[in-house]
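The values are calculated or read from the model by the stated rules, or taken from the named source; none is laboratory data. Computed from a predicted structure; not experimentally measured. Note: ideal-geometry Cβ built from the backbone for every residue, glycine included; neighbour counts use all protein chains shown. Ligands, DNA and RNA are excluded from the accessible area calculation, which covers all protein heavy atoms including side chains. Shrake-Rupley method; radii C 1.70, N 1.55, O 1.52, S 1.80 Å.
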Protein chains: 2
Amino acid sequence: MTAACPIPNSRYSQIVLGHGSGGRLSQDLLEQVFLRHFTGATLRELEDQAELAVPTEPGARLAFTTDSFVVSPLFFPGGDIGRLAVCGTVNDLCMGGAIPRYLSAAFVLEEGLPLEVLDRIAASMAATCLEAGVEIVTGDTKVVEKGKADGVFITTSGVGIVPRARRLSIAAARPGDAILVSGPIGDHGVAILSVREGIDFETELQSDCAPLASLTRAMFEISPQIRCLRDPTRGGLSGVLQDIATRSKVGISIDEALVPIRPEVRAASDLLGLDPLYIACEGRLVAVVAAEDAERVLRTLRAHPLGQEAAIIGRVLSEDPGVVSMHSRIGGERVVPQLSGEQLPRIC
Amino acid sequence: MTAACPIPNSRYSQIVLGHGSGGRLSQDLLEQVFLRHFTGATLRELEDQAELAVPTEPGARLAFTTDSFVVSPLFFPGGDIGRLAVCGTVNDLCMGGAIPRYLSAAFVLEEGLPLEVLDRIAASMAATCLEAGVEIVTGDTKVVEKGKADGVFITTSGVGIVPRARRLSIAAARPGDAILVSGPIGDHGVAILSVREGIDFETELQSDCAPLASLTRAMFEISPQIRCLRDPTRGGLSGVLQDIATRSKVGISIDEALVPIRPEVRAASDLLGLDPLYIACEGRLVAVVAAEDAERVLRTLRAHPLGQEAAIIGRVLSEDPGVVSMHSRIGGERVVPQLSGEQLPRIC
């Protein structure tokens, strides 16, 4: 904890209960931290609610999503809870085919949190919003007593606009479709674990945490036949494939040799007894695409900085609805079971 | 903690880390608790984002808001954290003149929370949504280790529709306008405190916690000259008046004798050394209304079950911009100072 407070004009160097009071100290925190970083005009009006423009294209719909973030530690290689909180919600909107537009951000702060930590998190959120093309338009802050939370929890909600022609759904996969992944899996989860467990890699493994808005935009420009997009966060690739198989009432077969996994991730997983198929990513997507568009979408992904290691990893089958199977490196087909309990707590 | 689990088909009687994994146990929690109570069709599609209809009236806007709820205790006379989480966000939408429509709900659960407690909270949220005319369309659940949160924190976000003609703003109060309050102040804060401090009232004081959608609808039907609405939550009546005075660059004068306060609230405040002007309500509103509409709006409020004890408590002045003053019962005018720190932590 720093003795001197690095935040301009602040009387406190850490969060006190009064910062959640709704009085002068709440106002100070808003001005000294949040409004310094979140500079959008709507937020600055400080109403209890933000007013948003309504999309005007006939047939457009709104997408609306929310996620809480409780990741531990708050800072990790390649990201932090703030970046994660923006990416998670932006990506959930993108996976619905939406153009992400507006975010809300609600903070639960633990008494004693250094203000400097909150400031770094807010700065990271602002930078990630810029990268994703979204604006934080409304927010809230609560403070709980020391020991009643763990530093900071952030809940973001997002509103985006779904163009008329886009109709994606977890239930839309059809036999014959190709399954793509936009890059190596498990980087985020292993990056977090490496900090928690003190594992040293020769090269530092970074979380893949990134907003996918520009990547999905490029995909939609090239193919109208994207059936379904999902980001493999908690539950990992396996969880997403299981959801698609169940909800689309199809079988899914993937080829182990085609699933991109970094050697560090594979090594750390072996060491810790984890399966990369279940480890969270925060900047990857799984796409189900009509077979005839698969190569075109793959090229588009690979031409994008966030999709350079994209791959076609499998296909959708009519047989065995609800079942995900994997053709292993050593030959043979095995069923990929659904994760039953917790593999890695507080990964996001 | 109950030995047998009252939740149908659940293997667990309390929350375990695996309930936040994104795997089978997360799915179980969703089906066994949340989907039993939140029965809207959009949520049941279980996409990562909800699709909403876009308002079609030309000139309509969207309202978007968020709040986290960390109230302690989780259950209190007249409400619980679930009811509060719905009312708080619904009311923030209403205060912007919006018709509340869609809610998101994100839960941070502490390992060990009895499932039965979560079930009661979800049931209360569902009942309050019905009362408010809103639907929970998307959500999220995270679990943190025992001791890293305090039972349950809930963050709700809301989307509503603001009809074309409505333009409310905290900056819209004009000299001459009347200030109304829809009922007695401080009930919520004192109800919470009475549980925390073990104060016994002769009659049980209930929180005023309620969704105000039907009340604001009635007000808008009767008057096009409502300048500004605010719900006096954290910071209480004083905080709201201070905000209006500052942001509208006007003076505000209220009359102590006209501010409705229940005898129990006054007695408890005296006992605890608190000023009711700063104590949170969760089902009241403050309205700034053109003088010529004030009586009409007052009658409308009083004709509604949630506004029976409404009162005109003061007026907007051109002098002393930014200053809230109060004409006291014993004569004389005093400035009402802004709350500096925390009066009552975790009141909402």
So A:Gly82, is it more than 30 Å from B:Lys146 (Cβ to Cβ), of a type in the set (Gly, Ala, Ser), modelled with pLDDT of 95 or more and not assigned by TED's automatic domain parsing to the domain that holds A:Ile192:
no
Would you confirm, using the coordinates I've provided, whether B:Leu130 is in contact with a Cys (Cβ under 8 Å, 6 or more places away or on another chain) and modelled with pLDDT of 95 or more?
no
Of everything in segment B:144-160 that's among the β-branched types (Val, Ile, Thr), facing another protein chain (nearest Cβ under 7 Å) and farther than 15 Å from A:Gly151 by Cα, which residue is surrounded by the fewest Cβ atoms within 10 Å (Cβ to Cβ)?
B:Val159
What number goes with the only condition from (1) touching a Gly at 6+ places or on another chain (Cβ under 9 Å); (2) at pLDDT below 95 that B:Ile254 does not pass?
(2)
Which of (1) within 21 Å of B:Gly283 (Cβ to Cβ); (2) out of contact with any Gly (no Cβ under 7 Å at 6 or more places or on another chain); (3) not charged (D, E, K, R) is the odd one out, the single condition B:Pro224 does not satisfy?
(1)
Quick check: is even one residue across segment B:3-14 in contact (Cβ under 8 Å) with a residue 40 or more places away in the chain, at negative phi and surrounded by 24 or more Cβ atoms within 10 Å (Cβ to Cβ)?
no
Condition first: open to solvent by less than 20 Å² (accessible area, probe 1.4 Å) and either in contact with a helix residue (DSSP H, G or I) (Cβ under 9 Å, 6 or more places away or on another chain) or more than 7 Å from every other protein chain (Cβ to nearest Cβ) (or both). Now tell me which residues in segment A:50-66 satisfy that.
A:Ala50, A:Leu52, A:Ala63, A:Phe64, A:Thr65, A:Thr66
Restrict the check to segment A:192-209 and report whether at least one residue is open to solvent by less than 30 Å² (accessible area, probe 1.4 Å) and within 14 Å of another protein chain (Cβ to nearest Cβ).
no
Tell me yes or no: at least one residue of segment A:107-115 is more than 17 Å from the chain's Cα centre (by Cα), open to solvent by 20 Å² or more (accessible area, probe 1.4 Å), not charged (D, E, K, R) and not assigned by TED's automatic domain parsing to the domain that holds A:Ala294.
yes
In this structure, is A:Leu317 of a type in the set (A, V, I, L, M, F, W, C) and modelled with pLDDT under 95?
no
How many residues of segment A:331-340 are at pLDDT below 90 and more than 16 Å from A:Asp243 (Cα to Cα)? The answer is 1
Yes or no: B:Gly112 more than 14 Å from chain A (Cβ to nearest Cβ) and touching a residue at least 12 places away in the same chain (Cβ under 8 Å)?
no
Of residues in segment A:318-348 being over 28 Å from the mean Cα position of the chain (by Cα) and open to solvent by less than 70 Å² (accessible area, probe 1.4 Å), the one nearest to the other protein chains (Cβ to nearest Cβ)
A:Ser328
Of the numbered conditions (1) open to solvent by 10 Å² or more (accessible area, probe 1.4 Å); (2) more than 30 Å from A:Ile347 (Cβ to Cβ); (3) within 14 Å of chain A (Cβ to nearest Cβ); (4) out of contact with any Asp or Glu (no Cβ under 8 Å at 6 or more places or on another chain), B:Pro163 satisfies every one except a single condition; which is it?
(4)
Among residues belonging to segment B:206-231 that are of a type in the set (Gly, Ala, Ser) and modelled with pLDDT of 95 or more, point out the one that is farthest from B:Ala165 (Cα to Cα).
B:Ser207
Residue pairs within 6 Å by beta carbon, gap of at least six or interchain, first lying in segment B:323-335 and part of a strand (DSSP E or B), second of a type in the set (D, E, K, R) and open to solvent by less than 90 Å² (accessible area, probe 1.4 Å), listed first then second, are B:Met326/B:Glu256; B:His327/B:Asp255
